[in-house]
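Shown next, in structure tokens, is the structure this report addresses.
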Amino acid sequence: MRVWAARSAGALMTAATLAACGAQPETGPPPSPSASTTERPPAGLASVLLQVPEQFAQSPLDEPRRAQIPAGWTIEVIARVPKARMAAFAPDGALLISQPSTGQVLIVRPDQRTLLNGLEQPHGLFFAGSTLYVAESNRVDAYDYVDGRAVNPRTIAGDLPDAKSPDLHGAYAHALKSVVVGSDGAVYFSIGSTGNISAEDRTSTPPRATIMRVPPGGGPATPFATGVRNGTGLAFAPDGSLWTAINNRDNVPDPQGRVIPDYVDDHPPESVAKLTPGRELGWPYCNPDGPPPAGFIRDMDTNADGAKMDCAALPAVEQTLGAHSAPLGMSFAELPEPYGPGALVGVHGSWNRQSPQAPEVSFFGWNDGILGPQETLVGGFQSDDGSRWGRPVAAIAGPDGAVYITDDYAGAVYRLAPPT
């Protein structure tokens, strides 16, 4: 194991990814050679050198990188996976990573190999017992996971919209989908909006900007929650409730209908919402506003007179993140003290904010059915000048008590471990 020293150096490579908060691809500047934050870590966190084994020391991890993590914890690179996205642990302890850009699902631990190939932008991964659910851009399939292989594929929901759908003519900003399965066997998956404020999504077949539900035992998928612009984060809480982390719209006008950068920078906040049957989350007619629990206000582009939807009547959003934070993967975990139970959210960071929102792994404490405020669990991916060396996507707890984090910008998987 190498712990980077101050004068380490190596080869160069760039990584790119798709922005989740908007319709544009984020290639971004190549990671800066000096991209290491100089800000003081938040309370309870320490700035440490990322541990990088020799075989994983390619750009942007070919030189020292510092991360902000809980004091006394460690963080190391355990795999390099270009554009790594979602993660799941199999019953046998294998760590699976989705790679939409290559159509693959990989096993990266204990040894790296391909589990599934030739898929259509596979993204969400979920195990219900020994059944593996994979959300591709155009379908949700289930597999039997047997002896480290995924076999006997069957389609749970098909003909889902993506850029290849004839009516969309190649234009789809949020084609990647997530999937989870309830304790009763019902399957839930996300369908993102085609664009920033594409209101026609609400009346499409199937409706887009929704969380869909397939009943136990199979059957047609129906909307479970609507007005969900891009609910990539999807997870069940300890009490069995379903939650989503949502990327809200960009370039929102202020209450006078003006698109002003200073207003756009901080509006609307991203949502972390509890989903109940039929819940409406407003997009594109209403946007959350203010601190949590955040009520809704009219969108001045689509609902200036309030005729499309009564925003004030919508239940408030339970928790929020800063505007354009771009929350992606979401999971619930039990962490060591002082954290306890809570939600882990991979925060991708902004692509369109004057002062960039920093990527991080966030933690929201769980207490009697309520999520507490956002806390930084892992930070330090962004330097003071806004350049970055990493952008987390998902964070999940492993059977060993560590947290495993995917990063599609650095093309890496990290293991964050508490003191032993």
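The values are calculated or read from the model by the stated rules, or taken from the named source; none is laboratory data. Computed from a predicted structure; not experimentally measured. Note that we place each Cβ from the backbone using ideal geometry, even for glycine, and neighbour counts take in every protein chain shown. Surface accessibility is based on the protein's heavy atoms, side chains included, excluding ligands, DNA and RNA. Shrake-Rupley method; radii C 1.70, N 1.55, O 1.52, S 1.80 Å.
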Q.
I want to verify a result. In a Gaussian network model of the chain, Cα cutoff 10 Å, which of these has the top mean-square fluctuation: VAL393, VAL179, VAL259?
A. VAL259
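If you count only protein heavy atoms with a 1.4 Å probe, what accessible area per residue comes out for region 305-393, rounded to a whole Å²?
Working: 3140 Å² over 89 residues.
I get 35 Å² per residue for this part.
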Q) Karplus couplings for region 103-113 from phi (6.51 cos²θ - 1.76 cosθ + 1.60, θ = phi - 60°), rounded to Hz, Gly and Pro as x? A) x, 10, 10, 10, 9, 10, 8, x, 10, 8, 7
(Q) Please list, ordered by chain and number, the residues whose modelled amide H lies under 5 Å from the amide H of ALA128; skip anything fewer than 5 residues away on the same chain. (A) TYR133
Q. So, in nm, how far is label LYS164 from label ASN117 when the simple model puts each one 7 Å beyond its Cα toward the Cβ?
A. 1.8
**Q.** For the chain, alpha-carbon Rg relative to the globular expectation (2.2 N^0.38 Å, N residues)
**A.** 0.93
Q) Near LYS83, which aspartates and glutamates are there with a Cα under 13 Å away, not counting those fewer than 8 places off in the same chain? A) GLU26, ASP407, ASP408
Q) Share of region 56-112's accessible area from carbon and sulfur, percent, 1.4 Å? A) 48
Q. Any idea what the relative contact order of region 242-337 is, in percent, if you count C-alpha pairs under 8 Å spaced at least 6 apart?
A. 34
Q) In square angstrom, what is the accessible area per residue of region 52-101 with a 1.4 angstrom probe? A) 29
**Q.** Accessible surface, region 196-283, averaged per residue in Å² (probe 1.4 Å)
**A.** 36
Q) Which ³J(HN,Hα) values in Hz, rounded to whole numbers, follow from the phi angles of region 188-199 under the Karplus curve 6.51 cos²θ - 1.76 cosθ + 1.60, where θ = phi - 60° and Gly and Pro get x? A) 10, 8, 9, 10, x, 6, 6, x, 6, 9, 7, 4
Q.
5 Å is the cut-off here: which amide hydrogens, built 1.01 Å from N in the peptide plane, fall below it relative to LEU234, excluding neighbours closer than 5 in sequence?
A. ALA245, MET330
**Q.** HN-Hα J in Hz across region 234-239 - Karplus 6.51, -1.76, 1.60, θ = phi - 60°, x for Gly and Pro
**A.** 8, 7, 9, 7, x, 8
Q) Can you give the relative contact order of the chain as a percent, counting alpha carbon pairs under 8 Å and 6+ residues apart? A) 16
Q: Using only protein heavy atoms and a 1.4 Å probe, report how much of GLU337 is accessible, in Å² to the nearest 10.
A: 140
Q. Tell me, what is the percent relative contact order of region 284-420, built from C-alpha pairs under 8 Å that lie six or more residues apart?
A. 16
Q. Across 10 Å bins from the origin, how do the percents of Cα pairs in region 263-420 run, short distances first?
A. 11, 35, 33, 18, 4, 0
Q.
Tell me the carbon and sulfur percent of the accessible area for region 273-420, rounded to whole percent, probe radius 1.4 Å.
A. 51
